[in-house]
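Enquirer: Questions regarding the structure given below will be posed in turn.
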């Protein structure tokens, strides 16, 4: 079986985010990009399925800073082929970006048909669209998202487990090929030693694929970006660890919680 | 924008979700501001009785079909897109929940309409609609203006109260065709409820909740020791569950439990909207996170921008001192 995994880079929100001079976007000078966490889960799930069904895993990602490292790491983890789609505008929204991937990838030699397309069910910058549904609609195949379990039952059917609130899970049957929006994989993403990534860098190859279509213009105009204004922020407790712990104890005591 | 405002009435396992009333409250305000009708869209099979509680809307469009008995985005989005292509509403409000997530993603693509996602508010500005959206895990807010005949808005739960969306008025219900039977490429087989046996975190007075900042399972002992001292239980945000540190029954947030303890101690949790949704109504929230800009401090009552691995051992010592005194 052949599995296509779509990855993308997103800002690392552990770092400080700054608004650019235009007032409507992030200052890219300060930005550190990391792989979208749920996309990483999608890759892990694909690798688990590969081990189970002796398939191949192809990873595709739009060009972005640091994406080469992510693609080489994917090779080191067990992906068979990695593609970088170039010529995409950095500021492109999720919808246009996913649309371009879906328009470009079917023309890549020896890639399609695929049995499954796995991607994260959401990213923190999905302001104007979700990659999975956009790609599924472009390819004319079904979509199911927020998936945490995936078993391939036959060449044309997969059994999926989908999350609801309160720990409830829905069991689904989906016709293949399908696009699946992954929330979590069966296991946390596997660790690969840096030496193995270096080996992948030395022997592996990232295929550059020029975007095969023009991006659709976004219908969503961002008129302002800023830090959220909140009515009331937390009262911050400062001092050394002992002082902070003492103050927390005081607060708990005052509420009858100790 | 002359078309009506539509609200997707979220129905799951035969009941309407609370978020439906939040969206009706928001929808009412927008529709009145634009001077257009507010219509609720209800999909299901044999659930027309639910329409009676949607009286804040001027009317209810009810599409009935066995394939819509449970919300499967693949089917529901097809039906709503077909209805919207004909009726041309100006706005469609869809809740950002696990139940409606697939429909939210598919509907704008199938309808060829714009999507504004992660909305915390939608307002009428100069006769048009403007939304405020929380992006980058709640660290930034953007104001956006959608273009086109119909705009789909993904609205975060908890953005406003549900009371304004409830009414005893009985709305006019119009049955609409569910369209051609879907191909059935996605089939719901059944639901699995979580196994009982573990701690029920919704019943705890005190929750010590851990996130990515815990750094590793080995540090879970600290949280457990503190929870035990305080007479509470350990819960966690999504990363703590994904990393396998805690079972899914301990998860707080969109995919997990909604909790309202007397004390919610958020340790190493950034406060993404999906998490905040599940704990924001806690009586007392104290957050410890190294990032002073973390959104968790926007909902916490008290905060410390420090490493939990330094604060928790000190807190354990202090609590022991107090308890021993």
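Bear in mind that the values in this text are calculations on the coordinates, not laboratory data. Everything numeric here is computed off the predicted structure, so don't read it as measured data. Every residue, glycine as well, gets a Cβ built from its backbone with ideal geometry; the counts of neighbours run over all protein chains shown.
Enquirer: Kirkwood hydrodynamic radius of the stretch B:127-277 from all distinct Cα pairs, in Å? Please report the intermediate quantities before stating the final value.
Expert: Numbers: mean 1/r = 0.0523 Å⁻¹.
It works out to 19.1 Å.
Enquirer: I've got another one for you. Taking only the alpha-carbon atoms of the stretch B:1-98, what semi-axes of the equivalent ellipsoid follow from 5 times the gyration tensor eigenvalues under a square root, in whole Å, largest first? Don't jump to the answer; show the numbers that get you there.
Expert: Numbers: eigenvalues 84, 44, 26 Å².
Value: 21, 15, 11 Å, ordered largest first.
Enquirer: Let me confirm one metric for peptide B:140-153, namely the mean number of other chain beta-carbon atoms within 10 Å of its residues' beta-carbons.
Expert: Averaged over the peptide's residues, the number is 5.
Enquirer: By the gyration tensor of its Cα atoms, with a ≥ b ≥ c the square roots of the eigenvalues, what is the shape of the stretch B:131-210: rounded for a/c under 1.5, prolate for a/b over b/c, or oblate? The partial results should precede the final answer.
Expert: Numbers: a/c = 1.59, a/b = 1.19, b/c = 1.34.
The shape class here is oblate.
Enquirer: Give me the inter-chain shielding for B:96-107: mean count of other chain Cβ atoms within 10 Å, whole number please. Provide the component values of the computation, followed by the final result.
Expert: Values: counts 1, 3, 11, 6, 0, 11, 12, 2, 3, 15, 9, 1.
Counting other chains' Cβ atoms within 10 Å and averaging over B:96-107 gives 6.
Enquirer: As a check on your grasp of the helix formula, calculate [θ] at 222 nm for chain B: sum -39500 (n - 2.57) over DSSP H runs of n ≥ 4, divide by the residue count, round to the nearest 500.
Expert: Numbers: 8 runs with 86 residues, N = 325.
-8000 deg cm²/dmol, from helical runs alone.
Enquirer: Something else about it: If each residue's Cβ is checked for other Cβ atoms within 10 Å, how do A:121, B:119, B:133 rank with the fewest at the top?
Expert: Numbers: A:121 31, B:119 22, B:133 25.
Listed from fewest to most nearby Cβ atoms, that is B:119, B:133, A:121.
Enquirer: Round to the nearest 10 and give me the degree value, 0 to 90, for the angle of helix A:67-77's Cα axis relative to the longest principal axis of chain A.
Expert: 70
Enquirer: Starting with the fewest neighbours, write out B:245, B:6 ranked by other beta-carbon atoms found within 10 Å of each beta-carbon. Display every interim value, and only then the final one.
Expert: Working: B:245 23, B:6 28.
In increasing order of surrounding Cβ atoms, one gets B:245, B:6.
Enquirer: With a ≥ b ≥ c the root eigenvalues of the C-alpha gyration tensor of the stretch B:5-176, is it rounded (a/c under 1.5), prolate (a/b larger than b/c) or oblate? Working shown, then result.
Expert: Numbers: a/c = 1.43, a/b = 1.29, b/c = 1.11.
It comes out rounded by the Cα gyration axes.
Enquirer: In Å³ and rounded to a whole number, note down the convex hull volume per residue for the Cα atoms of the stretch B:267-325. Could you put the intermediate results ahead of the total?
Expert: Numbers: hull volume 4.8 nm³, N = 59.
In the stretch B:267-325, the Cα hull volume divided by residue count equals 81 Å³.
Enquirer: Name the shape class, rounded, prolate or oblate, that the alpha-carbon gyration tensor gives for the stretch A:1-108, where a ≥ b ≥ c are the square roots of its eigenvalues, rounded holds for a/c under 1.5, and otherwise prolate holds if a/b is larger than b/c and oblate otherwise.
Expert: It comes out prolate by the Cα gyration axes.
Enquirer: So, one more: How big is D for chain B, in µm² s⁻¹ as a whole number, if Stokes-Einstein is applied with the Kirkwood radius of its Cα pairs at 25 °C and 0.890 mPa s?
Expert: Values: Rh = 21.2 Å.
My calculation gives 116 µm²/s for D.
Enquirer: Just want to confirm a number: the relative contact order over chain A, from Cα pairs under 8 angstrom separated by 6+ residues, in percent. Write down the numbers at each step before the final one.
Expert: Details: 487 pairs, mean separation 59.8, N = 258.
RCO, chain A: 23 percent.
Enquirer: For A:238, B:202, which order do you get if you count the other beta carbons within 10 Å of each Cβ and list the fewest first? Display every interim value, and only then the final one.
Expert: On the way: A:238 10, B:202 16.
The fewest-first ordering by Cβ neighbours comes to A:238, B:202.
Enquirer: A follow-up question, please. I need the Debye-formula profile for the stretch B:201-324: one equal scatterer per C-alpha, no solvent, reported as log10 I(q)/I(0) at q = 0.10, 0.12, 0.13 1/Å, two decimals.
Expert: Debye intensities relative to I(0), on a log10 scale: -0.24, -0.36, -0.42.
Enquirer: Let me have the relative contact order for chain B, percent, based on Cα pairs under 8 Å that are six or more residues apart. Provide the component values of the computation, followed by the final result.
Expert: Working: 735 pairs, mean separation 49.9, N = 325.
The normalised contact order for chain B reaches 15 percent.
Enquirer: Would you kindly work out the equivalent ellipsoid of chain A from its C-alpha gyration tensor and give its semi-axes, the square roots of five times the eigenvalues, largest first in whole Å? Walk me through the numbers on the way to the answer.
Expert: Numbers: eigenvalues 249, 117, 82 Å².
Whole-Å semi-axes of the equivalent ellipsoid: 35, 24, 20.
Enquirer: Using the Kirkwood formula over every pair of different C-alpha atoms, what hydrodynamic radius in Å results for the stretch B:86-130? Intermediate values should be presented prior to the final figure.
Expert: On the way: mean 1/r = 0.0846 Å⁻¹.
Kirkwood radius, the stretch B:86-130: 11.8 Å.
Enquirer: When the helices in chain A are scored as -39500 (n - 2.57) per DSSP H run of 4 or longer and the sum is shared across all residues, what 222 nm value do you end up with, to the nearest 500 deg cm²/dmol? Numbers along the way, then the final one.
Expert: Working: 6 runs with 72 residues, N = 258.
After summing the helix terms and dividing by residue count, I get -8500 deg cm²/dmol.
Enquirer: A further question on this structure: Arrange the peptides A:159-165, A:131-137 so that the one whose residues have, on average, the most other Cβ atoms within 10 Å appears first. Write down the numbers at each step before the final one.
Expert: Details: A:159-165: 21.6, A:131-137: 28.1.
Ranking the peptides A:159-165, A:131-137 by packing returns A:131-137, A:159-165.
Enquirer: Could you work out, for the stretch B:196-272, what percent of all Cα-Cα pairs fall into each 5 Å distance bin, beginning at 0 Å and stopping at the bin that holds the largest distance?
Expert: Going from the shortest bin to the longest, the percentages are 3, 18, 31, 29, 15, 3.
Enquirer: Something else now. What do you get for the angle between helix B:73-87 and the principal long axis of chain B? Use alpha-carbon atoms, 0 to 90 degrees, nearest ten.
Expert: The answer is roughly 40 degrees.
Enquirer: Same structure, new question: Note down the relative contact order for the stretch B:201-324 as a percent, whole number, built from C-alpha pairs under 8 angstrom at least six residues apart.
Expert: Values: 268 pairs, mean separation 30.9, N = 124.
About 25 percent, as a whole number.
Enquirer: Restricting everything to alpha-carbon atoms, can you work out Rg to Rh for the stretch A:50-154 with a Kirkwood hydrodynamic radius?
Expert: 0.94
Enquirer: To continue, here is another question. Enter the angle in degrees (range 0 to 90, nearest 10) between the Cα long axis of helix A:94-104 and the first principal axis of the Cα atoms of chain A, meaning the one along which they spread out most.
Expert: 20
Enquirer: Per-residue mean of other chain beta-carbon atoms within 10 angstrom of the beta-carbon, peptide B:245-255? Please list the in-between numbers first.
Expert: Details: counts 1, 0, 1, 5, 2, 1, 4, 0, 1, 4, 11.
Taking the mean over all residues of the peptide, I get 3.
Enquirer: Using the alpha carbon gyration tensor of the protein assembly as shown, what are the three equivalent-ellipsoid semi-axes (square root of 5 times each eigenvalue), largest first, in whole Å? Please list the in-between numbers first.
Expert: Working: eigenvalues 252, 201, 110 Å².
Value: 35, 32, 23 Å, ordered largest first.
Enquirer: Also, I was wondering about something else. Compute the separation of the alpha-carbon centres of the stretch A:188-258 and the stretch A:105-184 and state it in Å as a whole number.
Expert: The stretch A:188-258 and the stretch A:105-184 have Cα centres spaced 25 Å from each other.
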